[in-house]
Amino acid sequence: MDLTLPPHEGSKLSVVDMHTGGEPLRIIVGGYPSVPGPTLLSKRRHVREQLDHLRRVLMFEPRGHYDMYGALLVDSELPEADIGVLFMHNEGYSTMCGHAVIALGRFAVDYKLVKEPRSPETQVNIHCPCGLVKAFVEVSDGQTGAVRFHSVPAFAFATDVVVKVEGHGDVQVDISYGGAFYAFVDAQKFGLDVNKSRTRDLVDAATAVTKAVKAQVKLNHPVSEDLAFLYGTILTDGKDEYSSEPTSNVCVFAEAQVDRSPTGSGVTARVALQFHKGLIKLNQTRTFQSGATGSQFTGRAVEVRPNQLKMF
């Protein structure tokens, strides 16, 4: 059936909807105004200050929903980048999103945004606001498959920080960076189980932690102050020491938004934290499971730099 859009007023936005491990990604492919700015971070500031009405149109009902996630393709100033991307959600604009990178890797190959797809893997260089991320997409007989990515340097920012959390008193948290900053807390400190407790209860606890950390802990980033903000809180099952069994977590980010996947940037930050604490070794692969959906990501540390860690 060949359908033609009837006459209408206003602009038309074209999107492709995907998901990774149950977490949605709405990729904006047409109709969005050209975004000026010499760098990706300046483009991020422009859309936040001048075009935020389009984020609300694309993310919220009736076209989206409270937990929708978006990716806007833009030009990159990096010559090695295949695509540049800005991330958006219910609160604003992120600096890194692993589940989106995974989806964008397949998208870039499927929609021929890379010149020469190769088997068994095609590399896709994705310029995110946090830096250049390299995705590797399995390709077999012209079909795309699993995706892994090499993230920006990750690092543990602070461990065993005590913050006063409303309704819970003093709570000890860790803070780590994987393209975005997250606070990490064992859900058992709130009497919760990331695999069994009500999502509402997990959201309330994580949101309270996020508010406390934002108010009481000053973050900084070695590259840009645009990256120095807390993205959310990840509640874990407390199983940080290496095991061949999956460890579960639930990420609550932005404005109490729940990630259905294990959270790509969150997994990166969590592996950096576990490595920093000596709980896992270099090149030791761990499996991380979403407490919300049961979907799984794997992650490992592959290279150590002074005060930083590179991740696959």
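The values are calculated or read from the model by the stated rules, or taken from the named source; none is laboratory data. Everything numeric in this text was worked out from a predicted model, so none of it was measured. Cβ coordinates were reconstructed from backbone atoms using ideal geometry, including for glycine residues, and neighbour counts include every protein chain displayed. Accessible surface areas use protein heavy atoms only, side chains included; no ligands, DNA or RNA. Shrake-Rupley method; radii C 1.70, N 1.55, O 1.52, S 1.80 Å.
Descriptive notes on the structure:
- The chain - mean residue ellipticity at 222 nm from DSSP helices (-39,500 (n - 2.57) per run, n ≥ 4, rounded to 500): -6500 deg cm²/dmol
- Among the GluC sites (Glu not before Pro) in the stretch 1-80, those located in a DSSP loop and surrounded by at most 14 other Cβ atoms within 10 Å of their own Cβ are E9, E77, E80.
- Distance between the 7 Å Cα→Cβ label points at K164 and Q284: 3.8 nm.
- Here the ratio of the Cα radius of gyration of the stretch 114-236 to 2.2 N^0.38 Å is 1.36.
- Mean accessible surface per residue for the chain, computed with a 1.4 Å probe while every protein chain stays in place, in Å²: 46 Å²
- Since only S14, A100, H127 are under comparison, the one whose Cα sits farthest along the positive direction of the charge dipole of the stretch 1-153, derived from C-beta charges on Lys, Arg, Asp and Glu, is H127.
- Table column - 3J(HN,Hα) (Hz), the stretch 58-63, Karplus curve with 6.51, -1.76, 1.60, x for Gly and Pro: 7, 8, 9, 4, x, 8
- Within the chain, antiparallel bridges make up roughly 80 percent of the DSSP beta bridges whose residues both belong there.
- Nitroxide proxy distance, nm - points 7 Å out along Cα→Cβ at F229 and K189: 2.4 nm
- Length gained on full extension, D52 to E255, computed as 0.36 nm times the residue gap minus the Cα-Cα distance: 71.5 nm.
- Given a 1.4 Å probe and the protein chains as shown, T293 ends up with an accessible area of around 70 Å².
- Whether the stretch 175-312 is rounded, prolate or oblate, judged on the alpha carbon gyration tensor where a/c under 1.5 counts as rounded: oblate
- Site pair D75 and D17 shows an inter-label distance of 3.2 nm when each label is modelled 7 Å from Cα along Cα→Cβ.
- Evaluating 6.51 cos²θ - 1.76 cosθ + 1.60 at θ = phi - 60° for every residue in the stretch 29-41, the Karplus couplings come out as 10, x, x, 7, x, 4, 9, x, x, x, 10, 5, 5 Hz, glycine and proline recorded as x.
- Per-pair calculated FRET efficiency, R0 = 35 Å: Y242 and N220 via Cβ, rounded to 0.05: 0.75
- Whole-angstrom gap from the stretch 175-251 to the stretch 258-281, using each part's C-alpha centre: 10 Å
- In order through the stretch 116-125: 3J(HN,Hα) via Karplus (6.51 cos²θ - 1.76 cosθ + 1.60), integer Hz, x for Gly, Pro: 10, x, 10, 9, x, 9, 10, 7, 10, 8
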